[in-house]
Amino acid sequence: MATVIATDQSPSTSRSVFRALGNTPTVLPQSDYHKLQEHLEDCDNVTRPGSTLLAYVLANKLLNVRPVADLPYLDLVLGGTEVTYVIDGAAPSTGLLVHTARPGAPGGVIAVASLLGATLIGMRVGERAPLLNQDGSIVTLSVISVVQPFCTAQKNGIYAQECLK
């Protein structure tokens, strides 16, 4: 089996994949990383429909990101950001990603403790990822734009240039 895999992949293809992975490290601020751990613990303590799938996505996210002290990118999807995304080439949708979504919250709120939210957090503009649905099907999720909360609050202020970087 190893020889089949070795012959199916050219060395240049695997090098370019590793080079691409090395150029875009996946990071999250420590606060978001710890919140993801809390959401995963909640999945273990609460038996609700879809919690097994959500636990899988959250555990995978935690395994593939590293916590950092400072926000390294302004196009990173985090808790509190407004994100515009596309699912399988459909019309773009925009929502506010939040760690604590209250019942009856207005439309456009995306809970991190949902399959969509858990997939979005940690992604960057232009990035695509598989999105697991409740029925087990998989679609493609693409991030179009991200607005950080401090950028929204400071649009007309002195920090506007920093938001555009």
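The table for this structure:
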quantity	calculated
Per residue accessible area of the stretch 65-135, 1.4 Å probe, in Å²	50 Å²
Largest to smallest accessible area among GLU41, GLU127 [probe 1.4 Å]	GLU41, GLU127
Cut-off under 5 Å, modelled amide H: who pairs with VAL68 long-range	LEU28, GLN30
Portion, in percent, of the accessible area of the stretch 36-150 that falls on carbon or sulfur, probe 1.4 Å	54 percent
Compactness of the stretch 79-145, expressed as Rg and Dmax over alpha-carbon positions, Å	11.3, 31
The stretch 33-74: chymotrypsin sites (Phe, Trp or Tyr not before Pro) falling in loop per DSSP and having at most 15 other Cβ within 10 Å	TYR73
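The values are calculated or read from the model by the stated rules, or taken from the named source; none is laboratory data. Computed from a predicted structure; not experimentally measured. FYI the Cβ positions are ideal-geometry reconstructions off the backbone, even for glycines, and counts take in every protein chain you see. Quick note on the areas: whole protein, heavy atoms, side chains included, nothing else; ligands and nucleic acids left out. Shrake-Rupley method; radii C 1.70, N 1.55, O 1.52, S 1.80 Å.
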